[in-house]
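Accompanying notes for the structure given below.
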Amino acid sequence: GHQIPVYYAEGYDGYFCARSEEDARKQATEAGVATTTPLTRDSDVLDTWFSSGLWPFATVGWPENTPDFKKFYPATCLETGYDILFFWVARMVMMGLEFTDEVPFDTIYMHGLVRDEKNEKMSKTKGNVVDPLDVVDEYGADALR
């Protein structure tokens, strides 16, 4: 996830929400915190689903209007599994509209899921995945084409 943009000043009962330590320092100075007082950024990160909602525009330089942002945002197509349509894709659309006033893509291509012999979604967490290197070792690379 993305690190939370919150800074704390030693001995100050409050926090500063800022895009950079420099901006946090300005806020702290305006609040009466000495310029020699250390600032510490919160070590926590935003929820993974929240962070992934930022992905379409954060990866191309947002919030700056970079050349990559101008060229690649919005995109045309997102390819994804249907299982994360609400958790990820809906958040991408909502955050894209909120922060850039644009939908991040105009087409969503949804594919099926690879399932195991018990019809459960294959997952590293569940441990029911097939290591492609094991398949190559046993059957050769042609088996994976």
TODO: Calculate, for the stretch 25-66, the solvent-accessible area per residue in square angstrom, rolling a 1.4 angstrom probe over the heavy atoms of the protein chains.
DONE: 61 Å²
- [ ] Sort 37, 125 by accessible area with a 1.4 Å probe, largest first.
- [x] 125, 37
Task: Residue-averaged 222 nm ellipticity for the chain, from DSSP H runs of 4+ at -39500 (n - 2.57), nearest 500 - done: -9000 deg cm²/dmol
Task: Electrostatic dipole magnitude of the chain [Cβ: Lys, Arg +1; Asp, Glu -1; Cα centre; debye, to 20] - done: 180 debye
TODO: Hey, could you get me the Stokes-Einstein D for the stretch 1-65, Kirkwood radius over alpha-carbon pairs, 20 °C and 1.002 mPa s, rounded to whole µm² s⁻¹?
DONE: 165 µm²/s
Open item on the list: If the reach is capped at under 17 angstrom between alpha carbons, list the lysines near residue 118, excluding any in the same chain fewer than eight residues apart.
Closed with: 126
TODO: Any chance you could give the angle, 0 to 90 degrees and rounded to 10, that helix 21-30 forms with the longest Cα principal axis of the chain?
DONE: 30 degrees
Open item on the list: Is the C-alpha gyration tensor of the stretch 64-145 telling us rounded, prolate or oblate? Criteria: a/c under 1.5 is rounded; beyond that, a/b larger than b/c is prolate, otherwise oblate.
Closed with: prolate
TODO: Rank these by accessible area, largest first, 1.4 Å probe: 133, 39.
DONE: 133, 39
Task: Principal axis dimensions, the stretch 31-106 - Cα atoms, whole angstrom, descending - done: 50, 30, 16
Task: Efficiency of FRET between residue 3 and residue 85 - r from beta-carbon atoms, R0 30 angstrom, step 0.05 - done: 0.65
TODO: Take the Cβ-Cβ distance between residue 116 and residue 51 as r, set R0 to 30 Å, and report the resulting FRET efficiency rounded to the nearest 0.05.
DONE: 0.60
- [ ] Specify which residue in the list 119, 139, 105 is farthest towards the positive end of the charge dipole of the stretch 92-145, using unit charges on the beta carbon of Lys, Arg (+1) and Asp, Glu (-1), about the Cα centre.
- [x] 119
- [ ] May I ask you to give the percent of accessible area on the stretch 101-145 that is carbon plus sulfur, with a probe radius of 1.4 Å?
- [x] 51 percent
Task: Spin-label model distance (nm) - residue 75 vs residue 43, 7 Å beyond Cα toward Cβ - done: 3.3 nm
- [ ] Measure off, as a whole percent, the carbon and sulfur share of the 1.4 Å-probe accessible area of the stretch 34-84, all protein chains present.
- [x] 57 percent
Task: Relative counts (whole %) of C-alpha pair distances in the chain, using bins that are 5 Å wide - done: 2, 8, 12, 13, 12, 12, 12, 11, 7, 5, 3, 2, 1, 0
Open item on the list: Students often get this wrong: which residues of the stretch 37-79 have the backbone nitrogen under 12 Å from the point 7 angstrom along Cα-to-C-beta of residue 108?
Closed with: 78-79
- [ ] Report the accessible area of residue 129, computed with a 1.4 Å probe over the heavy atoms of all protein chains in place, in Å² rounded to the nearest 10.
- [x] 80 Å²
TODO: Check each of the trypsin sites (Lys or Arg not before Pro) in the stretch 1-104 and keep only those in coil by DSSP with at most 15 other C-beta atoms within 10 angstrom; list them in order.
DONE: 19
Task: Nearest-ten-degree value, helix 91-100 long axis tilted from longest Cα axis of the chain - done: 40 degrees
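The values are calculated or read from the model by the stated rules, or taken from the named source; none is laboratory data. Note that the structure is predicted; figures quoted are calculated from it, not measured. Because the Cβ atoms are built from the backbone with ideal geometry, glycine has one as well, and the counts that use them run over all protein chains shown. Ligands, DNA and RNA are excluded from the accessible area calculation, which covers all protein heavy atoms including side chains. Shrake-Rupley method; radii C 1.70, N 1.55, O 1.52, S 1.80 Å.
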